[in-house]
Structures are given as C-alpha cells and as structure tokens.
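Enquirer: Take this structure, written in structure tokens, and hold onto it; I'll ask about it next.
Taken together, the values in this text are just the output of simple stated rules run on the coordinates, not laboratory data. Predicted model only: the values in this text are computed from it and were never measured. In this analysis, Cβ positions are derived from the backbone assuming ideal geometry, glycine residues included, and neighbour counts consider all displayed protein chains.
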Amino acid sequence: MSGAMQPLAAEAIAGKVAAGARLIRWLEDGDPRGRAALRDLYPHTGRAHLIGITGPPGAGKSTLVDALVAEERQRGRRVGVIAVDPSSPFSGGAILGDRLRMQRHAADEGVFIRSMGSRGQLGGLSRATFDAVLVLDAMGYDRVIVETMGVGQDELDIVGLAHSTVIVNVPGLGDEIQAIKAGLMEAGDIFVVNKADRDGADQTLRQLELMLHLRTRHPSGDDWQPPLLAVVSTRGEGIAALVDALDHHASHLHDSGGFEARLGSRSHHLFLGLLRDGAARRLMEQALDQPEIAALVEAVRSRRIDPYSAADTLVARIHLQP
Amino acid sequence: MPQRPIRVLLAKLGLDTHTVGVTVIAHALRDAGMEVIFTGLKQTPEMVANTAIQEDVDVVGVSSLSAGHMRNLPRLAKLLQEKGGGDKLLVAGGVIPEQDAPAIRAAGYAHIFTMGADTREIITFIQDWHARQETTAP
C-alpha cells in the first residue's frame, strides 16, 4: 500500500491511547475513516494472544476478567480488555457496567479497557468487536481479553474470534447442564467454575467433568484436553492456575500451528461476511428502484406467488462479470 | 446504516459514596438512546481521565456530593486536555456552592446541574451540544 498512513493509525501503532480509542469509536460507528485506518493497522496485527471469556449472566465474568488482568500484569504483560454488554432494543442505549468491576486498573498505563454495547447483535459480541480487537492488537497489547454478554445457548461468536475461549460457570444456577449447551462444551478451551467457595461447587465441577469426558473433539480437529479449574475471582484464588492454563494453551496453539490457523479462519469468515453484506447491499441499492421488484412484492402480498419463489426468480438472474 | 449513540461517562470523584442520583441519570440517558459508562465510587481525577480517553466518550459528567470539587474538577479537566481528550463535553452536578461555580466553569465545565435538576434538562443539554458538534464537524 502506497501513500501516507492514516495519522491516527500511525499514532495507535505507536501506542497512543487516545488515538486507538478514537479508531475503535470510528469502527463502531461505521465511520469510513475507521476502515481506512484498519487497512494501515492490519499488517501490525496477529501478535496478541486473544482470550474470550464467556458464560451465562451472573457467572462473574467481569470479576474474573478483573482478576485475570491483575495476574497478567504481575507477569509483566500489557492487557487490553473489551467488555460487551447488551444494548436496549427499544432505545438503542445501554448501561455498560462491566468496567465497574475492573476500575482498579484505571490508573495503570499498561491496561486498556473498552466497553461496547451490542448494538443489535446477538451471539454475545457487537459487530465491531473484532475490529476493536485488531486495534488493541496493533497497539501492542500482549493479551486482548474479550468478555461477551451473558450467553448460555449456542450463539457463540467468541469462538470464531479468540485463540483461547474460557467458559465460566458458577454453582447454583439450577440445572447447570442447561446453562452449558452442547455448543459451549465443544467450543471451550478452558472451563472455569467461579465462586467455587459456594455450596454446590463440587457438584458443578463433577457435572462439568462428566460432560468434558463426553465432549466431542474441537471443531478444528485439535487434540487439546480442556482443563477444568475452580476459582474464586473475588479473592484471586485459582487465577494464577488459569493464567498458566492460558499460557499452556497458547504454546499448544503455537506448536500445532493453531495460533495462525485460528486467526486465519477468523479473517476468512470476516471476509466472507463482508462480501455477503457488500454484495447484498449493492444488489439491493440497484434493484429496489426497479418496477419489476415492486410488481413481485405486490404479487407476494396478494399471494399470487410465494416469497421463496419470488426471490429465487430474481436471484437466478444474478451473474458475475468475468 | 451506521448507528452512532452518544457515549457518556458518569464519574464520582473523591470520597462521595452516594449513588442514587447517578443511577437515576444513567437510566434516563440509556432510555434516551445513549451508551452510559459508570466509573464507580472513589475515583481519582487520573482514573476518570484515563477511563474517558479509553472509552472515547463524548461527554464526561462528574457528580460531586462532598467537598473536594474545587481541587478535583479542575484537575480532571486539565488531565483530559493533556491526554488528548480536550474535545469532550464536561458537565458537573451535585452540591456545588454558588460561589464556586465561576471557577468550575472557567476550568472547562460547560454546565453545572444543581440538585433537583430534571433528567430531561440534562438529556436536552447533551443532545443540543451533540447536534452542534455534528454540524461543525469537518
């Protein structure tokens, strides 16, 4: 790529916090300057260990992240955190409360914490989470931790984003097996029972252990055996073991070529997603003006043709130029 | 269609431990379509400035219900300037004696919402400011 770098991109790569923060804002808001900066940042990404923290609401994910940041800092690593909270489907606004539990790191220049509203996305992340991860990676943070919204079902975007996915559970959520559906069991690289000083922790650990024995292989065909750890985030208990497990997983990925492979598949999916969105947008922009479309809409409304056949009629006419 | 919610940081400086007012405001702003981040209690100006920069908020609202505002509020404004956050709207609220108001405004606070301010007044103030920013942006 020739020409001068986007000025904020250059500042972000040099580690300037305000520049990186503004780039994330542009990417989140769909500002075209964000895309231009990302082009310059992209060659500087791929170094950070990306860690996903997910689990049901109330599992103590934010407090776990807080403890994790403290331990990573002890080990001399710079840490970026992205915490996603749900946006209101009614107003579009959000109260982003995850940061509240991590605020003791606010005076630490080696920590960057960003709160994001889901802005209408399901699956525990926002549309711009991946972009924000790239910015923090390019800024030189050694670890980038992404805390998802409380999920517990199969909507698990984090798996496509992180090198290491940590599934957090707690005793006493009722039927724990319900909270950890098959998708989560297959996806996790490390399993944590938080609040392990509570009643029922042993039972939760036993249930998880059983499910891990029954677990099918990781979708990538990896032979990693996911560890199961008991932690008490509020007291920092078990956190050193969790960071050890994360480090172990990172070296496992490096040794097996999985570190780049996971990044590669993530970029591949992003590319396909962008292609799909872009192609659909271009087609729709050109198509919606045409009277033929209006006629088909009317035909569907009056039940002369079903919606599937109507769409197929038009899709069959799309041709790529050679 | 890009969505661009206004982002607001609500902060409590010093030893003040009152949270009811800030909670009410946070919900009102959320319902007006804004993304609201709360720092929690007992923050230093350094922590609030770092948070505002990292979160790249448009607005920093500082509530003070205890003494210390004459030291903390100007310090926060100065730190924001130094760290590259000089473009943010700064507003203050809570118990700020009338005689202190000119100094707080001179430090860079666009408005001081006193006790009993209606949340609609706060929302309108922020939205009007934001609309002016959008029209003057390059």
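Enquirer: Compute a Gaussian network model of chain B, connecting alpha carbons closer than 10 Å, and tell me which residue from B:L15, B:L73, B:L89 fluctuates the most.
Expert: Maximum fluctuation in the GNM of chain B, among the listed residues, is at B:L15.
Enquirer: With axes computed from alpha carbons, what is the tilt in degrees of helix A:129-138 against the longest principal axis of chain A, rounded to the nearest 10 within 0 to 90?
Expert: Tilt of helix A:129-138: around 60 degrees.
Enquirer: Turning to a different aspect of this structure: For helix A:258-287, what angle does its Cα long axis make with the longest principal axis of chain A, in degrees from 0 to 90 and rounded to 10?
Expert: 30
Enquirer: Let me ask something additional. Return one number: the angle in degrees, 0 to 90 and rounded to the nearest 10, between the long axis of the Cα atoms of helix A:239-256 and the longest principal axis of the Cα atoms of chain A.
Expert: Helix A:239-256 sits at roughly 50 degrees to that axis.
Enquirer: Hey, got the average number of other protein chain Cβ atoms within 10 angstrom for residues in B:35-47?
Expert: Counting other chains' Cβ atoms within 10 Å and averaging over B:35-47 gives 5.
Enquirer: Pairs A:K16/B:K12; A:K195/B:K12; A:K61/A:K195: which are spaced more than 19 Å apart, C-alpha to C-alpha?
Expert: A:K16/B:K12; A:K195/B:K12
Enquirer: Can you tell me the relative contact order of chain A? Whole percent, Cα pairs under 8 Å, sequence separation 6 or more.
Expert: Value for chain A: 17 percent.
Enquirer: How much net charge surrounds A:A12 when only the other residues with a Cβ under 11 Å from the Cβ of A:A12 are counted, with Lys and Arg +1 and Asp and Glu -1?
Expert: After counting each charged neighbour, the total is -1.
Enquirer: Under a Cβ-Cβ cut-off of 14 Å, what is the net charge of the residues other than A:S87 that fall near it, where Lys and Arg count +1 and Asp and Glu count -1? All intermediate terms of the calculation are to be shown ahead of the outcome.
Expert: Numbers: positive: A:R119, A:R127, B:R4, B:R7, B:R30; negative: A:E28, A:D29, A:D85, A:D98, B:D31, B:E35.
Combined, the nearby Lys, Arg, Asp and Glu give -1.
Enquirer: Collect residues whose amide H, placed 1.01 Å from N in the peptide plane, falls under 5 Å from the amide H of B:G33; neighbours closer than 5 in sequence don't count.
Expert: Placed amide hydrogens put A:G93 under 5 Å from B:G33.
Enquirer: Is the shape of the protein assembly as shown best called rounded, prolate or oblate, per the rule: a/c under 1.5 gives rounded, else a/b larger than b/c gives prolate, else oblate, with a ≥ b ≥ c the square roots of the Cα gyration tensor eigenvalues?
Expert: oblate
Enquirer: List the relative contact order of region B:1-106 as a percent without decimals, with contacts defined as Cα pairs under 8 Å and 6+ residues apart.
Expert: Taking the mean separation of contacting Cα pairs over the length of region B:1-106, I get 31 percent.
Enquirer: Kindly identify region A:1-44 as rounded, prolate or oblate by the Cα gyration tensor criterion: order the square roots of the eigenvalues as a ≥ b ≥ c, call it rounded if a/c is under 1.5, otherwise compare a/b with b/c, prolate if a/b is larger, else oblate.
Expert: Oblate, because a/c is 1.5 or more while a/b does not exceed b/c.
Enquirer: With just the Cα atoms of region A:20-127, tell me how far they stretch along each of the three principal axes, in Å, largest first.
Expert: Taking max minus min along each principal axis of the Cα atoms, region A:20-127 gives 38, 37, 24 Å.
Enquirer: Oh, and also: Which of the trypsin sites (Lys or Arg not before Pro) found in region B:1-80 are in a DSSP loop and have at most 15 neighbouring Cβ atoms, other than their own, within 10 Å?
Expert: Sites meeting the loop and neighbour criteria: B:K42.
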